[in-house]
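Novice: Supplied in structure tokens, the structure appears directly below.
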Amino acid sequence: MPKEYTPNSKEKYMCEKHKKFFKKKLIDWKNQITESNAKGLYLKDIDGEISSADIIDQASSQAEKTVEMRTLNRQIKLLSKINKAIKRIDQDTYGYCEETGEPIGLKRLIARPIATLSIEAQEKHEKNEKIFADL
């Protein structure tokens, strides 16, 4: 059984092998999220709406729904980021920092395939966010 391919720095950055690897990784991730959401919605339908006269049960149910909605919103945002990353691969801009134009780096992209900033630019961005949050 052949060992799964992993991009390495000996190859030209964002060569066809790299782009193919990351596109597959992103599509697999997207399919996993979509499948997970579909199963969750299906199980919710089976579970049905249980209305209870007990106020504690109602509050608990409402809290659960709030958490589920937050999770769903996060997953929708993540799917959007995945789709944008796939689009960047198709446009040959994937793997390059949106702020500096410099390569993001293979290790960072393998760890976070939707990254749009280099580590340096990300740190600067987070530092600025903290400064403005503290004001």
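Every number in this text was worked out from the coordinates using simple rules, so none of it is lab data. Because the structure is a prediction, the values reported are computed rather than measured. Virtual Cβ from ideal backbone geometry, glycine too; neighbours counted across all protein chains shown.
Novice: In the chain, once you exclude exposed trypsin sites (Lys or Arg not before Pro) (DSSP loop, at most 10 other Cβ within 10 angstrom), what's the longest stretch remaining?
Specialist: 13-135
Novice: Relative to the first principal axis of the alpha-carbon coordinates of the chain, what is the inclination of helix 55-90, with its axis defined by its Cα atoms, in degrees from 0 to 90 and to the nearest 10?
Specialist: Computed tilt is about 20 degrees.
Novice: Then there is this: Considering amide H positions built from the backbone, and no H for Pro or chain starts, which residues 5 or more places from TYR96, or on another chain, come under 5 Å of its amide H?
Specialist: ILE104
Novice: Could you compute the longest span of the chain free of GluC sites (Glu not before Pro) located in DSSP loops and having at most 12 other Cβ atoms within 10 Å, not counting the site residues?
Specialist: 50-135
Novice: Let me ask you something else. Where in the chain is the longest stretch that carries no chymotrypsin sites (Phe, Trp or Tyr not before Pro) classed as loop by DSSP and with at most 16 other Cβ atoms within 10 Å?
Specialist: 14-135
Novice: Take the alpha carbon gyration tensor of the chain, find the square roots of its eigenvalues, order them as a ≥ b ≥ c, and report rounded if a/c is under 1.5; if not, report prolate when a/b exceeds b/c, else oblate.
Specialist: oblate
Novice: Shifting gears a bit: How big is the dipole moment of the chain about its Cα centre under a simple scheme where the beta carbon of each Lys and Arg is +1, that of each Asp and Glu is -1, and everything else is neutral? Debye, nearest 20, please.
Specialist: 880
Novice: Rounded to the nearest 500 deg cm²/dmol, what is the calculated helix-only ellipticity per residue at 222 nm for the chain, with -39500 (n - 2.57) per DSSP H run of length n ≥ 4?
Specialist: Value at 222 nm, helices only: -23500 deg cm²/dmol.
Novice: Moving on to the next point. Evaluate the distance, in nm, between pseudo-label points positioned 7 Å from the Cα of GLU99 and of LYS17 along their respective Cα→Cβ axes.
Specialist: Using points 7 Å along Cα→Cβ, the separation is 3.2 nm.
Novice: For the pairs LYS25/LYS65; LYS77/LYS130; LYS19/LYS127; LYS87/LYS124, note any where the Cα-Cα span goes beyond 29 Å.
Specialist: Beyond 29 Å between Cα atoms: LYS25/LYS65; LYS19/LYS127.
Novice: Here's something else I'd like to know. Roughly what angle does helix 16-47 make with the longest principal axis of the chain, taking Cα atoms, 0 to 90 degrees, to the nearest 10?
Specialist: Its long axis makes an angle of about 0 degrees.
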